[in-house]
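First up is the structure itself, then whatever we jot down about it.
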Amino acid sequence: MMEEKKPYKLRIKIGQAEFEAEGSEETVKAQFKEFQDLIVKKPNPSEQRESVSNTENMGDSETQRFVEEYESIFKINDDKTLSLRVLPSENDGKFKQIADSALVLLYGFNKVFSRTDVTALTLTRVLRESGIGVIKRIDVPLSQYLKDGFITRAGKGKGTSYRTSNKGNTQANALIQKMIEHLS
């Protein structure tokens, strides 16, 4: 009989910031590292990147082409995250706009930083920075995209992370094209 492996758990409070995660040891440690990066002191605003075109060390030429092509959509932030310069249409409701924005951001994280998994904490923060506003529970607006197979979820609670599927990447690319058309 095989012994069932218990999930790795971590709960910590640093000043006003709290972190709690449960899952595989590797996933929890990666998410804790991301949490630590979020709470460290930010560089002063004069060092902040204002444009996607300012992307040194972004990797291969395909990544560079993506960054240049979608500069009107994505902004690379000083903490190696993305935010949106323009939001998808709100015609189908606020939840759909949040889900569309999250899908586009997850796709962008993968294309620009080769980050397939993005924590719920990071995703809600970059959505807020993009102009969506405060989101208390990201899982609610993402539920339809989870059911449709555009997004997958790992972990639970504050340790949740999201990624796009191949189907989701196709949908995200279509959304980006609509956002670009709207700008024209």
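Table for the structure above
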read-out: The stretch 80-140: trypsin sites (Lys or Arg not before Pro) in DSSP loop, at most 10 other beta carbons within 10 Å; value: Lys136, Arg137
read-out: Residues of type aspartates and glutamates that Lys9 reaches as a straight line, Cα spacing below 13 Å, ignoring anything fewer than 8 places off in the same chain; value: Glu20, Glu22, Glu25, Glu26
read-out: Vicinal HN-Hα couplings computed from phi for the stretch 161-169 (Karplus, 6.51 cos²θ - 1.76 cosθ + 1.60; Hz; Gly/Pro x); value: 10, 10, 8, 8, 8, 4, 4, x, 4
read-out: DSSP-assigned coil residues among GluC sites (Glu not before Pro) in the stretch 62-106, each with at most 16 further Cβ atoms within 10 Å; value: Glu71, Glu90
read-out: The stretch 110-181 - charge dipole about Cα centre, Lys and Arg +1 at Cβ, Asp and Glu -1, debye rounded to 20; value: 260
read-out: Filtered chymotrypsin sites (Phe, Trp or Tyr not before Pro), the stretch 131-164: DSSP coil and at most 16 other beta carbons within 10 Å; value: none
read-out: Unit charges on C-beta of K, R, D, E only; dipole of the stretch 49-183, Debye; value: 720
read-out: Residue exposure sequence - Ser61, Ser114, Ser161 - by fewest surrounding Cβ within 10 Å; value: Ser61, Ser114, Ser161
read-out: Per-residue ³J(HN,Hα) for the stretch 116-132, Karplus 6.51 cos²θ - 1.76 cosθ + 1.60, θ = phi - 60°, Hz, x for Gly and Pro; value: 7, 9, 10, 5, 4, 4, 5, 4, 5, 5, 6, 5, 4, 5, 7, x, 6
read-out: Sorted largest first, extent of the stretch 73-184 alpha carbons per principal axis (Å); value: 40, 32, 28
read-out: Over 21 Å (Cα to Cα) - which of Lys147/Lys178; Lys33/Lys158; Lys75/Lys158; Lys96/Lys147; Lys75/Lys178; Lys111/Lys167 fall in this group; value: Lys147/Lys178; Lys75/Lys158
read-out: Neighbourhood net charge (9 Å Cβ-Cβ; Lys/Arg +1, Asp/Glu -1) for Arg153; value: +1
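Computed from the coordinates by the stated procedures, all read-outs in this text should not be read as laboratory data. Nothing here was measured: the structure is a model prediction, and the numbers come from that model. Note: ideal-geometry Cβ built from the backbone for every residue, glycine included; neighbour counts use all protein chains shown.
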